[in-house]
Amino acid sequence: MYFQDEKHFKSMCGYDIEGQWYPRVTKIVEIKAKPALYRFYAEAANFAEGEEIKQKSASEGTLIHETVEKILLGERPEVSPLISPAIAALQEFLFNRGIQVDPEFVEHRVKSDEHRYAGTIDALAWIDGKFGVLDIKTSYAIFRDYNLQTSAYLCALRSQLPNLSTRWILRIDQAYTCLVCGATLRPKGGRNKIRVNKHAIACSDDAHQWGELKGDIELQEFPYFQQDFKAFLGAKVLWEWENDYWLRRIGYL
């Protein structure tokens, strides 16, 4: 990525907290290769189309995040029709599972002085008697890369919250399902992506009988964070190497 000057680099890659600059967790983990993203660009007609779809998808994801944040804070936000199936499914899921969220730690900035990084967690939650980091994603699947991010958040908080013991990824999405073969159609970013049910004979593309658009909620727990955190610190070393010039210019290295 091109940076205009030190100020631009600092604003794009980190946070100023109490007079100290910290690189941002999400920027650090961007250093890792992302095969799924490469496949996405390969499927696009060209790079410009891929960028347009990605930007639209990111905007829809941000809309879900902002709405979910208000719900977790106990508010009753107006829900855009664009994401209403996903939000309705989430509200039902939260009620049925009895998930409790601490409003003080919704969209909360955290930092590690020991390892010198910072980030913003989506929430801390009580689920099934455990207290942990709850990270919200709007992807079509839960990717292993997310474990790097959540391990960094968990380790940054453990010194002040010793009862923090685990991590969850809460995936929020929405899709149509074919009533014949069980394939799914995911309308996101202006692109209708069809994924077939590997356990059934798929319909031809023009023979699908799509049901109504419904929310898709998935929760996975990742209690063992030590190896993920080692990998995160390794990614941080590589990120620092990649950005050595700017990090020395701002006095971080």
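Observations on the structure shown:
- Here each label is just a point 7 Å from Cα along the line to Cβ, and for Gln4 and Asn46 those points are 2.8 nm apart.
- With 10 Å bins from 0: P(r) over the chain, alpha-carbon pairs, percent: 6, 26, 33, 25, 9, 2, 0
- Taking the fewest neighbouring Cβ atoms within 10 Å as the starting point, the ordered list for Ser112, Ser159, Ser84 is Ser159, Ser84, Ser112.
- Taken along its three principal axes, the alpha carbon spread of the range 172-215 comes to 27, 17, 17 Å, from the longest extent down to the shortest.
- Here the gap between Trp241 and Asp205, fully extended at 0.36 nm per residue and compared with their Cα-Cα distance, gives a gain of 8.3 nm.
- Local net charge near Tyr176, Cβ-Cβ under 12 Å (Lys/Arg +1, Asp/Glu -1): +2
- Every Cα-Cα pair in the range 99-208 was counted, and those over 23 Å apart are 45% of them.
- If you run the Gaussian network model on the chain, springs between alpha carbon atoms under 10 Å, then out of Phe143, Phe229, Phe95 the most flexible one is Phe95.
- Contact order, relative form, for the chain: 20 percent (alpha carbon pairs under 8 Å, 6 or more residues apart, mean separation divided by residue count).
- Values of log10 I(q)/I(0), in the order q = 0.16, 0.21 Å⁻¹, for the range 1-127 under a Debye, Cα-only, solvent-free model: -1.11, -1.23
- In nm, spacing of pseudo-spin labels at Lys32 and Ile250 (7 Å Cα→C-beta vector): 2.2
- Ranked Phe222, Phe93, criterion: other C-beta atoms within 10 Å, fewest first: Phe93, Phe222
Every number here is computed from the coordinates shown, using simple stated rules; none is lab data. All values derive from a computational prediction rather than experimental measurement. Note: ideal-geometry Cβ built from the backbone for every residue, glycine included; neighbour counts use all protein chains shown.
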